[in-house]
Each structure stands twice: as structure tokens, then as C-alpha cells.
Amino acid sequence: MTATLPGLSTQVETSHGTLKVDSGLLRYDTRIRRRPTRTVMVGHVPIGSNHPVVVQSMINEDTMDIPAAVAGIRRLADAGCEIVRVTVPSLSHAKAMGHIRQQLRDQGCMAPLVADVHHNGINIALAVAQHVDKVRINPGLFVFDRPDPDRQSFSAAEFAAAGQRIRATFGPLVELLKEQNKALRIGVNHGSLAERMVFTHGDTPQGMAESAMEFIRICGEMDFHNIVVSMKASRAAVMLAAYRLVADAMDAEGFNYPLHLGVTEAGDGDYGRIKSTAGIATLLAEGLGDTIRVSLTEAPEREIPVGFSILQALGLRKTMVEYVACPSCGRTLFNLEEVLKQVRAATGHLTGLDIAVMGCIVNGPGEMADADYGYVGKGPGIICLYRGREEIRKVPESEGVEALIALIKEDGRWVDP
């Protein structure tokens with residue numbers, strides 16, 4: 001059945017006749033309608049459909065190096081990171097988390113902390129839970145059996161027995177997190193599915209979804225619901241399918257848990273950013289996703305602006321100036337690229353504004369109609385400044401940036417850097 005919104009059908013005249021368009025179809029909606037979820041608190045930060053999509057990251061310092069870990073978390077927090085994850089591969093690392101948390105709090109850094117626990121991690125998870133706000137486990141590794149190279153299949157009895165062992169091992173962590181009112185991330189990775197899941201469902205998005213659902217169902221039976229779910233893969237197409245599958249599976253079974261989005265191992269530079277955006281933004285546009293991490297092979301703090309830019313581009317959060325600028329053409333009446341840099345340098349510290357820099361008067365006013373302010377080439381050496389759709393004044397090009405700043409100040413929307 002096709003999902004629709006209340007609305008009227010629209011008829012559009014074309015060269016081949018009348019095109020009937022149902023304006024109520026979700027695919028034509030200009031507003032992103034997020035999947036309804038419960039709210040999960042991670043420290044003081046809420047995650048869920050009624051709250052802003054949260055941007056998070058992970059430090060790459062060794063957790064045993066307490067001063068370095070504290071410094072890494074501080075850098076992320078200062079960059080705007082709202083939740084910080086730390087790897088905890090041993091009981092010694094779990095103990096170090098207590099010192100890290102204390103030093104952060106002593107320094108006034110209240111960033112919520114997440115412990116990343118992997119291979120056979122129940123004892124580590126139980127030890128670190130008291131020092132963090134959320135524990136992340138990987139279902140494929142949490143109760144880990146080394147793959148048998150000679151195995152040809154899993155019988156139903158073997159599959160069920162492994163499930164019972166997972167339930168017995170996982171249960172104490174669920175009880176502890178429930179007692180402490182802390183959160184759990186069930187974080188499936190495409191590259192680390194359990195052997196029995198691969199044999200039963202294949203190395204597929206279906207296998208990923210079933211891996212997550214096994215742990216989700218255990219939590220549901222234990223009446224624990226402070227859960228966030230992730231389905232990461234290094235290929236965007238696999239990641240997209242896995243998230244859609246698990247969202248549908250959860251909704252079908254009444255589990256309205258938030259989703260943590262990410263394309264893992266995306267790489268670096270432009271391609272890493274594009275690959276992450278291709279996966280994350282696609283799902284966000286479909287209404288899926290409540291917290292995101294852009295995984296780059298770079299300093300972690302460089303992930304944060306990318307995350308917020310994705311959210312701003314989709315209209316889900318507004319944390320910076322939105323610049324609208326034309327690509328320039330033969331009608332452009334000034335060096336648009338250079339002027340955009342000047343405008344950005346002068347106003348980039350502001351928040352919540354839309355500023356348009358347009359090369360000429362032909363398309364400028366129309367294309368920038370939704371902007372708060374416009375800087376438009378009017379004629380050779382002349383700039384026209386707009387407030388919304390209203391032309392305010394003409395100034396020499398050499399005074400354009402200063403005049404724009406003055407206009408913003410007149411409206412009381414300027415703050416000093």
C-alpha cells in the first residue's frame with residue numbers, strides 16, 4: 001500500500017496531456033517526517049524522534065592513556081560533539097574509564113560517554129557500566145565463538161543452543177543497565193556477523209537485521225527499553241538495506257527504538273564525506289535516524305562539522321549560517337567565488353541565518369527568495385542588498401561586505417565573533 005498524507009490531487013499540464021499527481025504521496029512531501037520512536041537518554045542528551053538528531057563521534061586515543069583520552073574527549077566536545085564513544089577492550093580499560101570520567105567532570109566537561117565493548121565482553125561491560133552513560137555491544141562478537149573452517153551448516157538445535165547461551169550471558173548486562181537507568185546500543189557491523197547468522201541468513205542485510213533482532217527481543221522480554229540500534233556497513237547500499245529492514249522489523253514487533261546511523265570505514269577526504277552523506281542523508285530523508293556518526297580516517301573532531309552540515313542541508317537542524325550561492329555564469333558581475341569567501345569569513349560565526357550571494361539580478365532575487373539576506377550583483381561595480389525579498393540599498397562593490405554586516409546589525413541579528 002502506498003503511504004500518503006492528507007492532500008488533494010494536482011493536475012499538471014504537459015506536452016503529452018495532463019499529468020495527475022497525488023500531492024499527498026510521501027515522496028512529494030517537502031517535510032521530513034521522522035519515524036516515531038521512544039526517547040532514550042544518554043546522560044543528559046535525549047535521543048529519539050521528538051528531539052534533534054544528535055551528532056556523535058569516537059576518540060582514537062588509547063583508553064589506558066588517561067590524559068590523552070581526556071584531551072581527545074575535550075577536543076570533540078569543544079568541536080560540538082554531543083556524545084563521545086571510547087573503546088574498552090579489557091578490564092584495565094574499564095577501570096581507566098572511571099578516572100577519565102572523573103577528570104572530565106572535574107574540568108567541567110559533561111559530555112555523555114559510551115563504552116565500546118566487543119569480543120566476549122560481558123565482564124568488561126559489567127565493569128565499565130558504572131563509569132559511562134551507554135554501553136555499545138556488537139552482537140556478532142559479544143558472545144564470540146571462533147568460526148569452524150570445517151563447518152558445513154548449523155542445525156536448528158545448534159542455532160537454538162547458541163541463542164540460549166547468548167541469553168544467559170547477555171542477561172546480566174541488561175539487568176544492570178536497567179537498574180542504573182542507562183542506555184544500550186545494539187551495534188551490528190556487516191563485517192562481524194556471528195558464524196551461525198552467516199550460515200543461516202548469509203552475509204546479507206537480512207543477516208544483520210536478524211542479528212540485531214535477536215538481542216532486541218531478549219531486551220524486550222526483560223522489559224528493558226533504553227536501546228539504540230545501529231546497522232553499519234562499509235558499503236552504503238548494504239547499510240541502507242540493513243537499516244530499512246531492521247526499522248520495519250522493529251516496527252512490526254512493537255519495538256520503537258531510535259536508530260544510530262553511520263557508514264563505517266568510509267575513508268577520508270572528499271570521498272569519505274560523500275560516501276557517509278550518501279548513506280546517512282538518504283535514510284534521514286526517509287525519516288529514519290535519530291543520532292549519527294560520520295566515520296572518517298581523520299582526526300575525530302573533523303567528523304563533527306560534516307555531521308551538522310548533513311543535518312542542516314536536510315533542514316533537520318540549524319547550527320550555522322546557510323549560504324545560498326549560484327555557480328556563476330557569463331552574467332556574473334563580480335568574482336563570486338572570492339566574494340563568497342569574504343562573506344563567509346565575515347559572517348561564518350553567526351547561527352540561524354540564511355545568506356545568499358548571487359551573481360546577477362536575472363535569477364538572484366527569485367532563487368534566494370527564502371534567504372534572510374541577499375548580496376546580488378546589480379550592475380558593473382554595484383551590489384544590491386536584500387532583506388528577504390525586499391531590496392534595501394545599492395552600494396559600491398568595494399563596500400558590499402561591510403554594508404551586509406551593517407544591515408544584519410541594524411536588524412539586531414549580529415553577534416561579535
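The values are calculated or read from the model by the stated rules, or taken from the named source; none is laboratory data. Small disclaimer: the values here were computed from a predicted structure and weren't measured. Reconstructed Cβ throughout: ideal geometry from the backbone, glycine too, with neighbour counts over all protein chains shown. Only protein heavy atoms, including side chains, enter the accessible area calculation; ligands, DNA and RNA are left aside. Shrake-Rupley method; radii C 1.70, N 1.55, O 1.52, S 1.80 Å.
Remarks
- If you filter the range 152-170 down to residues that are out of contact with any helix residue (DSSP H, G or I) (no Cβ under 8 Å at 6 or more places or on another chain) and farther than 17 Å from Glu221 by Cβ, you find that the one that is modelled with the lowest pLDDT is Gln152.
- Test: residue in the range 160-180 that is within 29 Å of Val54 (Cα to Cα), open to solvent by less than 50 Å² (accessible area, probe 1.4 Å) and in contact with a Gly (Cβ under 6 Å, 6 or more places away or on another chain): no
Residue by residue, here is whether (1) out of contact with any helix residue (DSSP H, G or I) (no Cβ under 9 Å at 6 or more places or on another chain); (2) hydrophobic (A, V, I, L, M, F, W, C); (3) modelled with pLDDT of 95 or more holds:
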position: Ala281; (1), (2), (3): no, yes, yes
position: Gly287; (1), (2), (3): no, no, yes
position: Thr291; (1), (2), (3): yes, no, yes
position: Val294; (1), (2), (3): no, yes, yes
position: Pro327; (1), (2), (3): no, no, no
position: Asn335; (1), (2), (3): yes, no, no
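- Search result, residues across the range 347-404 that are closer than 18 Å to Asn335 by Cβ and of a type in the set (D, E, K, R): Lys378, Glu397, Glu399, Glu402
- Scanning the range 142-182 for residues that are touching a residue at least 12 places away in the same chain (Cβ under 8 Å) and in a loop (DSSP other than H, G, I, E, B) yields Val143, Phe144, Asp145, Pro147, Asp148, Arg151, Ser153, Phe154, Asn181, Lys182.
- Scanning the range 379-417 for residues that are among the charged types (D, E, K, R) and closer than 15 Å to Leu336 by Cβ returns a single hit, Glu397.
- Strands (runs of 3 or more DSSP E) completely within the range 319-417 that count 3 or more residues being crowded, with 16+ Cβ neighbours inside 10 Å: 322-325, 354-358, 373-379, 382-387
- Remark: pairs (first residue in the range 106-133, at negative phi; second residue open to solvent by less than 10 Å² (accessible area, probe 1.4 Å) and among the aromatic types (Phe, Trp, Tyr); Cβ separation under 9 Å; 6+ apart in sequence or on different chains) = Val117/Phe142; His118/Phe142; His119/Phe142; Gly121/Phe142; Ile122/Phe142; Ile122/Phe170; Ala125/Phe142.
- The strands (runs of 3 or more DSSP E) found wholly in the range 52-134 include none carrying at least 2 residues that are closer than 19 Å to Ile304 by Cα and of a type in the set (Ser, Thr, Tyr).
- Tally of residues being in a helix (DSSP H, G or I) and open to solvent by 20 Å² or more (accessible area, probe 1.4 Å) across the range 282-305: 5
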